[in-house]
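K.L.:
Supplied in structure tokens, the structure appears directly below.
The values are calculated or read from the model by the stated rules, or taken from the named source; none is laboratory data. What you see is a predicted model; the values in this text were computed from it and never measured. Note that each Cβ is placed from the backbone with ideal geometry, even for glycine, and that neighbours are counted across all protein chains shown.
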Amino acid sequence: MSKEKTLVGFKKARGLLDKVVKMVEQDEYCIDIMQQNLAIVGLLKSAHQTLMEGHLNTCFRRALETKDEKRKQAMTKEILRVTKLFNK
């Protein structure tokens, strides 16, 4: 996982969120606010994807390589749960 890439995405989203809060406080045009909000959503989705890829390539892969069936099932359930939450 690229920790740096994930952090950059979260920090950009945080900075943009601060900007959006100010835009709302200053009664800026709704469409401009929505466009910035969508940019934040995109940054968060990208950070989520980076986290998921890292998890699948490390923790999940190690779990699947073991003979511990309960661990494999638990890790699979975790992935399914996070994926379901992401798609809401």
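K.L.:
How many of the residues making up the stretch 60-71 are assigned to a helix (DSSP H, G or I) and exposed (fewer than 14 other Cβ atoms within 10 Å of the Cβ)? Walk me through how you get there before you give the answer.
P.N.:
We begin by selecting, within the stretch 60-71, every residue assigned to a helix (DSSP H, G or I); these are 60-65, 69-71.
If we keep only those that are exposed (fewer than 14 other Cβ atoms within 10 Å of the Cβ) too, we end up with 61-62, 64-65, 69-71.
Of the residues in the stretch 60-71, 7 are assigned to a helix (DSSP H, G or I) and exposed (fewer than 14 other Cβ atoms within 10 Å of the Cβ).
K.L.:
Can you name the number of the only condition in (1) surrounded by 11 or more Cβ atoms within 10 Å (Cβ to Cβ); (2) free of Cβ contacts under 8 Å to residues at least 12 places away in the same chain that Leu38 fails?
P.N.:
(1)
K.L.:
Mind counting the residues in the stretch 10-53 that are outside any loop (DSSP other than H, G, I, E, B), more than 19 Å from Val82 (Cα to Cα) and of a type outside the set (A, V, I, L, M)? I'd like the intermediate steps shown before the answer.
P.N.:
Here is the first cut: in the stretch 10-53, the residues outside any loop (DSSP other than H, G, I, E, B) are 10-25, 30-53.
Still in the list and also more than 19 Å from Val82 (Cα to Cα): 11-25, 30-40.
When the remaining residues are screened for being of a type outside the set (A, V, I, L, M), the result is 11-12, 14-15, 18-19, 22, 25, 30, 32, 35-37.
Final tally of qualifying residues: 13.
K.L.:
Checking Asn87 against (1) surrounded by 11 or more Cβ atoms within 10 Å (Cβ to Cβ); (2) at pLDDT below 95: exactly one of these is not met. Which one?
P.N.:
Of the numbered conditions (1) surrounded by 11 or more Cβ atoms within 10 Å (Cβ to Cβ); (2) at pLDDT below 95, the odd one out for Asn87 is (1).
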